[in-house]
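Reviewing the structure listed below.
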Amino acid sequence: MLSPDLQRIEHIRDYCLDIEAAVERHHADFGEFETDLEFQYSASFCLLQIGELVGGLTEEFRTATADRMPWGPIRGMRNMVAHGYGSMSHDIIWETITADIPHLRRYCEELLTE
């Protein structure tokens, strides 16, 4: 049985996989992202969920792993999406889902295989 922190990490990994599948399904095309509300909403929902899950990680876990993953900014992205999506730059969300999410997924997979 996984610890509560690793259970959250597993769910974070799953949301990362969902985002990556959506990006792949849309051929990693920023133009499609910019014009497809469903794509934007699905990615934003996953970012919200990831941020919520990060907020539920224990302080001990976040402190112990802070040198490898910036948990604070991940939680901050959740807040930006939740409270200001209408004014959020599509560029920022795109950069997050195409550059940061694959890194986060790989890190979660490493934690889950340790």
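The values are calculated or read from the model by the stated rules, or taken from the named source; none is laboratory data. Quick caveat: nothing in here was measured; it's all calculated off a predicted structure. Positions of Cβ are generated from backbone atoms using ideal geometry, with glycine treated the same way; all protein chains shown enter the neighbour counts.
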- Message: Looking only at the range 70-89, count every residue that is loosely packed, with under 15 Cβ neighbours inside 10 Å and either of a type in the set (S, T, N, Q) or modelled with pLDDT under 90 (or both) and tell me the total.
- Response: 8
- Task: Please state which of the following conditions Gly56 fails to meet, knowing it meets all the rest: (1) modelled with pLDDT under 95; (2) in contact with a Pro (Cβ under 9 Å, 6 or more places away or on another chain).
- Result: (1)
- Query: Taking the stated definitions as given, is Ile97 surrounded by 13 or more Cβ atoms within 10 Å (Cβ to Cβ) and in contact (Cβ under 8 Å) with a residue 60 or more places away in the chain?
  - Reply: yes
- Task: Exactly one condition in (1) out of contact with any Phe, Trp or Tyr (no Cβ under 6 Å at 6 or more places or on another chain); (2) free of Cβ contacts under 8 Å to residues at least 40 places away in the same chain; (3) under 27 Å from Ser3 (Cα atoms) is not met by Phe61; state its number.
- Result: (2)
- Query: Taking the stated definitions as given, is Gly55 of a type in the set (Gly, Ala, Ser), surrounded by fewer than 17 Cβ atoms within 10 Å (Cβ to Cβ), out of contact with any helix residue (DSSP H, G or I) (no Cβ under 8 Å at 6 or more places or on another chain) and in a helix (DSSP H, G or I)?
  - Reply: no
- Message: Looking at (1) part of a loop (DSSP other than H, G, I, E, B); (2) under 13 Å from the mean Cα position of the chain (by Cα), which one does Leu48 not meet, given that it meets all the others?
- Response: (1)
- Could you say which residue among Ala22, Ala66 is modelled with pLDDT of 95 or more, out of contact with any Leu (no Cβ under 7 Å at 6 or more places or on another chain) and farther than 30 Å from Met1 by Cβ? Ala22
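For residues that are assigned to a helix (DSSP H, G or I) and over 13 Å from the mean Cα position of the chain (by Cα), tally how many sit in the range 93-114.
So the first thing to find is which residues in the range 93-114 are assigned to a helix (DSSP H, G or I), and the list is 93-113.
Within this subset, residues satisfying the condition of being over 13 Å from the mean Cα position of the chain (by Cα) are 109-113.
Looking only at that region, the number is 5.
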- Note on the structure: Checked against (1) surrounded by fewer than 14 Cβ atoms within 10 Å (Cβ to Cβ); (2) in a helix (DSSP H, G or I), His27 satisfies every condition except (2)
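Counting just the residues of the range 33-52 that are of a type in the set (Phe, Trp, Tyr) and touching a helix residue (DSSP H, G or I) at 6+ places or on another chain (Cβ under 8 Å), which one comes out surrounded by the fewest Cβ atoms within 10 Å (Cβ to Cβ)? Walk me through it before giving the result.
Going residue by residue through the range 33-52, those that are of a type in the set (Phe, Trp, Tyr) are 33, 39, 41, 45.
Now drop any that are not touching a helix residue (DSSP H, G or I) at 6+ places or on another chain (Cβ under 8 Å), which leaves 33, 39.
Values: Phe33: 20, Phe39: 18.
Only one residue fits best here, namely Phe39.
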